[in-house]
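Nothing in this text is a laboratory measurement; each read-out follows from the coordinates by a stated rule. Bear in mind that the values here come from a model prediction, so they are computed numbers and not experimental data. Quick reminder, even Gly has a Cβ in these numbers, built from the backbone with ideal geometry, and neighbours come from all protein chains shown.
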Amino acid sequence: MKLINYGKQYIDNSDRKNVLKVLEKSKITQGEEVLKFEKNLKKYFKSKYCVAVSSGSAALHLVAKAFNWKKNDKIICSPITFISAINAIIHVGAKPLFVDINLYDYSLDLDLVEQKLKKDKKIKAMIVTDYAGQPSDWLRINKLKKKYNIQLVNDNCHAIGSKINNDQGYAVKFSDAVCLSFHPVKAITTGEGGAILTNNMQIYQNSSVNRSHGIIRYPKNNKKFNGYYEVKELGYNYRITDFQCALGSSQLKKISKFINRRNIIAKKYDEFFSKYKIFKIPPRKENYFNSYHLYPLLIDFKKTKLDRRKLFKSFLKLKIILQVHYVPVNTQPLYKEIVKFKKNEFKSTIYFYKKEVSLPIYYELTNKEVQFIINQFKKVFKLK
Ligand SMILES: Cc1ncc(COP(=O)(O)O)c(C=O)c1O
């Protein structure tokens with residue numbers, strides 16, 4: 001049996017051909033493939049603007065900078081997410097304001113969010129993660145945006161291709177900026193890579209300039225010389241190469257195929273795990289389409305003779321890697337130092353963390369392998 005990870009890319013011959021073609025070109029970075037990929041992403045996600053960058057983390061950092069968040073600005077975020085969103089807030093000198101998750105879709109608890117928004121005028125924005133591929137309650141989040149005049153960022157790194165009311169443009173529609181990641185475990189890949197999608201011209205212009213050192217290039221016929229440029233902002237090198245973008249465009253053509261397979265696998269897991277009280281399967285929300293970046297299963301270990309360490313060990317023996325998404329950010333040593341957390345502030349987060357196990361889910365995972373995983377669960381938990 002080959003190694004089964006919780007996620008994995010799928011690369012075919014057309015992907016290889018497209019990448020190789022670009023490698024023959026004179027420009028392998030800052031060329032037309034980047035523009036083409038941006039155009040394809042704009043079309044797919046129904047976005048006015050797009051900036052393709054070197055990673056999802058770079059996208060989040062550039063957005064935080066474009067919003068001009070700074071000292072004393074508080075930005076609401078979730079402890080159950082990848083650290084990049086939190087780092088983006090801290091990198092620009094603003095303060096992360098962690099809010100507990102809800103135990104339905106594992107995104108932010110919006111009642112708690114509203115309590116904070118009512119009391120604290122320093123809250124400038126919210127970064128919402130569409131955890132595991134499940135879109136958050138964006139209709140309610142949008143109402144909060146209007147009522148409390150806050151900026152919204154959708155950390156959509158898990159949810160590429162998810163939909164609300166059959167619309168994959170929901171992420172751009174309901175937030176001010178959307179950040180994507182094309183890491184190999186994500187729905188589509190460019191190796192490393194990411195993108196910002198937005199309908200806001202200022203966010204677009206600022207992010208695209210800061211993607212490349214803050215350099216503004218002047219037109220060819222400017223009064224000084226061809227190639228003259230000026231720097232007015234402290235930027236970064238967050239560029240993505242043309243061959244990565246060629247891979248991205250090629251992968252984007254297959255996105256429905258990739259996500260539909262993930263949905264079939266999720267259904268097989270649902271059918272099995274929903275039969276037993278010790279498991280809680282991810283929610284299925286009406287009119288929401290989940291791209292299933294992850295399949296987060298909650299296991300009531302207290303009602304079993306097994307703990308998570310033993311479970312992982314038994315799977316590892318079979319070359320199956322289970323994962324936990326995530327070790328809560330508020331329990332990490334670095335953030336404990338930066339933010340003074342109150343005791344028992346994140347009850348749902350901790351409850352979720354103790355139970356969560358991410359099962360393998362990716363395009364190439366075969367029905368036989370899914371059954372093998374299910375059989376192993378049957379065996380270790382002694383299920384019928
Ligand atoms: C929710 C979330 N945000 C941000 C990122 C960062 O993306 P990248 O790895 O492309 O920097 C990830 C990647 O794992 C993620 O899962």
*Gyration tensor verdict on the chain (Cα atoms; rounded if a/c is under 1.5, prolate if a/b is larger than b/c, oblate otherwise)*: oblate
*Could you give the nm distance between label points at ASN260 and LYS310, where each point is 7 Å from its Cα heading toward the beta carbon?*
4.3
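Of LYS95/LYS342; LYS48/LYS253; LYS46/LYS267; LYS268/LYS313, which sit over 18 Å apart, Cα to Cα? Before the final figure, lay out the partial values.
Numbers: LYS95/LYS342 16 Å; LYS48/LYS253 20 Å; LYS46/LYS267 28 Å; LYS268/LYS313 23 Å.
Too far apart for the 18 Å limit: LYS48/LYS253; LYS46/LYS267; LYS268/LYS313.
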_For segment 61-121, the spread of Cα positions along each principal axis, largest first, Å_ = 31, 27, 13
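Counting helices only, and only those DSSP H runs with n ≥ 4, report the 222 nm mean residue ellipticity of the chain as the sum of -39,500 (n - 2.57) divided by its residues, in deg cm²/dmol to the nearest 500.
Numbers: 14 runs with 150 residues, N = 384.
Value at 222 nm, helices only: -11500 deg cm²/dmol.
So which GluC sites (Glu not before Pro) in segment 1-96 end up in coil per DSSP with only 12 or fewer other C-beta atoms within 10 Å?
Working: sites: GLU24, GLU32, GLU33, GLU38; in loops: GLU24.
Qualifying residues, ordered by number: GLU24.
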*If each of GLN332 and ILE350 carries a label point 7 Å out from its Cα toward its Cβ, how far apart are those two points in nm?*
2.0
*Return the long-range amide H neighbours of GLN323 (sequence gap of 5 or more, or a different chain), with a cut-off of under 5 Å between placed amide H atoms.*
SER358
*If you count, for each residue, the other Cβ atoms within 10 Å and average over each peptide, how do 142-149, 242-249, 197-204 line up from highest to lowest?*
242-249, 197-204, 142-149
*Taking the dipole about the Cα centre of segment 288-333, with the C-beta of Lys and Arg at +1 and of Asp and Glu at -1, give me whichever of VAL327, LEU316, SER291 is farthest to the positive side.*
LEU316
*Span from the segment 151-181 Cα centroid across to the segment 51-67 one, whole angstrom*: 15
*Which length gain, in nm to one decimal place, applies between GLU369 and LYS146 when the Cα-Cα distance is subtracted from 0.36 nm times their residue separation?*
75.6 nm
_Shape of segment 96-233, Cα gyration tensor, a/c cut at 1.5_ = prolate
_Subset of LYS280/LYS317; LYS8/LYS378; LYS317/LYS368 violating a 20 Å alpha-carbon distance limit_ = LYS280/LYS317; LYS8/LYS378
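Between LEU3 and LYS122, what length in nm is gained on full extension when 0.36 nm per residue of separation is reduced by their alpha carbon distance? Each step should come with its number before you reach the end.
On the way: separation 119, 0.36 × 119 = 42.84 nm, distance 4.81 nm.
Net length gain for the segment: 38.0 nm.
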*Rounded, prolate or oblate: which fits segment 224-267, taking a ≥ b ≥ c as square roots of the Cα gyration tensor eigenvalues, rounded meaning a/c under 1.5, else prolate when a/b beats b/c?*
prolate
*asked:* Among TYR276, ILE86, LEU112, whose Cα projects farthest towards the positive end of the dipole of the chain, with charges put on the beta-carbon of Lys, Arg (+1) and Asp, Glu (-1)?
replied: TYR276
*Report, in whole Å, the centroid distance computed from the Cα atoms of segment 214-258 and segment 292-310.*
43
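I'd like the Kirkwood hydrodynamic radius of segment 221-321, using the inverse of the mean 1/r over distinct C-alpha pairs, in Å.
Values: mean 1/r = 0.0528 Å⁻¹.
So the Kirkwood estimate lands at 19.0 Å.
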